[in-house]
């Protein structure tokens, strides 16, 4: 099913802008294009990994807690457009 506009599934899957720090001096914003994805609710979810090593100790509590929502998204090919510089930092 295509998720409702105000659903948690849409909030997670319907992101069309990305941001990446390119250096200490600036951030790049880029557009991501894809059709809306169908989603299916999952009965449960589990993340099996060493969270502290992969993501850092500050994420352990959040990523080892029971998920609030679990779903599977169909996905599709995507297009990532060339980014543009947003912010320059102080030298």
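The values are calculated or read from the model by the stated rules, or taken from the named source; none is laboratory data. Just so it is clear, the structure is predicted and the values come from calculations on it, not from any experiment. Cβ coordinates were reconstructed from backbone atoms using ideal geometry, including for glycine residues, and neighbour counts include every protein chain displayed.
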> Tell me, which residue of the range 1-15 that is in a loop (DSSP other than H, G, I, E, B) and surrounded by 11 or more Cβ atoms within 10 Å (Cβ to Cβ) is farthest from the chain's Cα centre (by Cα)?
Replying inline: 2
> Taking the range 11-26, which residues are touching a strand residue (DSSP E or B) at 6+ places or on another chain (Cβ under 9 Å) and closer than 17 Å to residue 41 by Cβ?
Replying inline: 12, 13
>> Being at pLDDT below 90 and more than 17 Å from the chain's Cα centre (by Cα) is the filter here; which residues of the range 28-45 pass it?
In response: 43, 44
>> I'd like the full set of residues that are part of a loop (DSSP other than H, G, I, E, B) and either at pLDDT 90 or above or surrounded by 11 or more Cβ atoms within 10 Å (Cβ to Cβ) (or both), limited to the range 67-91.
In response: 67, 69, 70, 74, 75, 76, 77, 78, 81, 82, 83
>> Checking the condition over 17 Å from residue 72 (Cα atoms) and in contact with a strand residue (DSSP E or B) (Cβ under 9 Å, 6 or more places away or on another chain), which residue from 8, 29 passes?
In response: 29
>> Can you pull out every residue in the range 26-53 that is without any contact (Cβ under 8 Å) to a residue 24 or more places away in the chain and either in contact with a helix residue (DSSP H, G or I) (Cβ under 9 Å, 6 or more places away or on another chain) or surrounded by 12 or more Cβ atoms within 10 Å (Cβ to Cβ) (or both)?
In response: 47, 49, 51, 52
